[in-house]
Amino acid sequence: MIELSNVAFGYAEGPVINNLNLQLEKGSFTAITGGNGAGKTTMVKLISGLLKPTSGCVRLCGTDTRELKAKNRAKLCGFLFQNPDRQICKTSVYDEIGFSLSCIGIAGGEADKIIRETAEMLELDTKSEPFSLSKGERQKVALASVLAANPEILILDEPTTGLDYRECMRIMKIVADLNNSGTTVIMVSHDMEIVADFAKRVIVFEGGKIILDGDCRSVLTDERLRCISSVLPPQAAVLGQKLGGRFSGLFTTEEIISDCILQSQCRMHNA
Ligand SMILES: Nc1ncnc2c1ncn2[C@@H]1O[C@H](COP(=O)(O)OP(=O)(O)O)[C@@H](O)[C@H]1O
Ligand SMILES: [Mg+2]
């Protein structure tokens, strides 16, 4: 569904991505992690078609992003920017969500219904002025305008930065539900607990290159991850590896707790 073939890209200062090859399946949930300046944002902008490769090719559902019209691209691929203030351009939550819908040709009563439903889903007041809200609330406004367009591919660039735990879980639950109903999700994140809880595939990106790629469990418990100074494995995975034995493959707090409960039940049963 998403295919990058021999993709290269650079800014005026020089190349950032060289000869990148990647395929992401429809309905997948992929986390992209790595240090600052690794090229993660550049890569997801290339996937979304916001940037075009200097050589090679990015295909979304078989279409080269160079050939996608802006309106079709917006329907196919929603992009939540790392900084919501780069995205927000209207003076009310209502107008902000409405603007995103107008870009894909939805207006009038249909738009009104979607705006109200989306705002309710994210617990936003449609009358609020986005720039008077907190960073976390502005993040939700930007996400609302992306989700309103109901894109097939959802790209989230560090979506949980600046959110408190409750807001973070609310957003991740919505994203997980969308993924369960078929939306392809690509999420850039440094929060390895969130990655462990939600992603199915993890790609570690450094210096414009993929250095680890695999299912979430195998990447987050990979010994090599600990040698990458910019990425900290989830604490539960580190604890599991340090405890060793039956704990070594566990990588979430829930798994370690469940294992301990199971063991204590077995001991009580045998006593
Ligand atoms: N708009 C830009 N103009 C010039 N250089 C940029 C621009 N955006 C990013 N870069 C440079 O490209 C490299 C990769 O940046 P980026 O993709 O934002 O990395 P990451 O998201 O992993 O932090 C960095 O060296 C950064 O300084
Ligand atoms: Mg970035």
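The values are calculated or read from the model by the stated rules, or taken from the named source; none is laboratory data. This structure is a prediction, so every number in the text was calculated from the model and none was measured. Backbone-built Cβ (ideal geometry, glycine too); neighbour counts: all protein chains shown.
Laid out as a table, the results:
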read-out	value
Near pairs, Cβ below 9 angstrom, 6+ apart or cross-chain, from region 186-200 (within 18 Å of K45 (Cβ to Cβ)) to any residue that is more than 16 Å from ligand 1 (Cβ to nearest atom) and in a strand (DSSP E or B)	I186/I2; I186/L24; I186/F29; I186/I153; I186/L154; M187/F29; M187/L154
When residues of region 15-52 are limited to those that are of a type in the set (A, V, I, L, M, F, W, C) and not in a strand (DSSP E or B), the one farthest from L4 (Cα to Cα)	A38
Odd one out for A31, checked against (1) within 15 Å of ligand 1 (Cβ to nearest atom); (2) over 18 Å from the mean Cα position of the chain (by Cα)	(2)
Inter-residue pairs, beta-carbon under 9 Å, first closer than 15 Å to V185 by Cα and among the small types (G, A, S) and in region 63-83, second within 16 Å of ligand 2 (Cβ to nearest atom) and in a helix (DSSP H, G or I), 6+ apart	G78/S48
Only one of K140, K173 that is free of Cβ contacts under 8 Å to residues at least 24 places away in the same chain, assigned to a helix (DSSP H, G or I) and in the same structural domain as S48 (by TED's automatic domain parsing)	K173
Hits in region 73-98 - residues which are farther than 13 Å from Q139 by Cα and either surrounded by 15 or more Cβ atoms within 10 Å (Cβ to Cβ) or outside the structural domain of D191 (by TED's automatic domain parsing) (or both)	R73, A74, K75, L76, C77, G78, K90, S92, Y94, D95, G98
Candidate set: region 111-123, residues that are surrounded by 13 or more Cβ atoms within 10 Å (Cβ to Cβ) and modelled with pLDDT under 95; chosen: the one farthest from the chain's Cα centre (by Cα)	M121
Sole exception among (1) within 16 Å of ligand 1 (Cβ to nearest atom); (2) under 23 Å from G162 (Cβ atoms) for A199, by number	(1)
Positions within region 25-38 being of a type outside the set (K, R) and either free of Cβ contacts under 8 Å to residues at least 60 places away in the same chain or out of contact with any Lys or Arg (no Cβ under 8 Å at 6 or more places or on another chain) (or both), in sequence order	E25, G27, G35, N36, G37, A38
I114 within 16 Å of D157 (Cβ to Cβ) and assigned to a helix (DSSP H, G or I)	no
Residue within region 197-212 that is assigned to a helix (DSSP H, G or I) and either under 17 Å from L156 (Cα atoms) or in contact with an Asp or Glu (Cβ under 6 Å, 6 or more places away or on another chain) (or both) present	yes
Failed condition for F9, given (1) surrounded by fewer than 22 Cβ atoms within 10 Å (Cβ to Cβ); (2) within 16 Å of ligand 2 (Cβ to nearest atom)	(1)
Residue among L24, L46, L51 that is of a type in the set (A, V, I, L, M, F, W, C), surrounded by fewer than 21 Cβ atoms within 10 Å (Cβ to Cβ) and within 16 Å of ligand 2 (Cβ to nearest atom)	L51
Index of the failed condition, K140 passing every other in (1) at pLDDT 95 or above; (2) buried (at least 23 other Cβ atoms within 10 Å of the Cβ); (3) more than 16 Å from ligand 1 (Cβ to nearest atom)	(1)
Members of region 157-188 found to be within 16 Å of ligand 2 (Cβ to nearest atom) and either at pLDDT below 95 or surrounded by fewer than 20 Cβ atoms within 10 Å (Cβ to Cβ) (or both), listed by number	E158, P159, T160, T161, G162
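Here is a yes/no grid of residues against (1) over 14 Å from the mean Cα position of the chain (by Cα); (2) crowded, with 19+ Cβ neighbours inside 10 Å:
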| position | (1), (2) |
| --- | --- |
| A196 | no, yes |
| R201 | no, no |
| V204 | no, yes |
| G208 | yes, yes |
| G214 | yes, no |
| R217 | yes, no |
| E223 | yes, no |
| A236 | yes, yes |
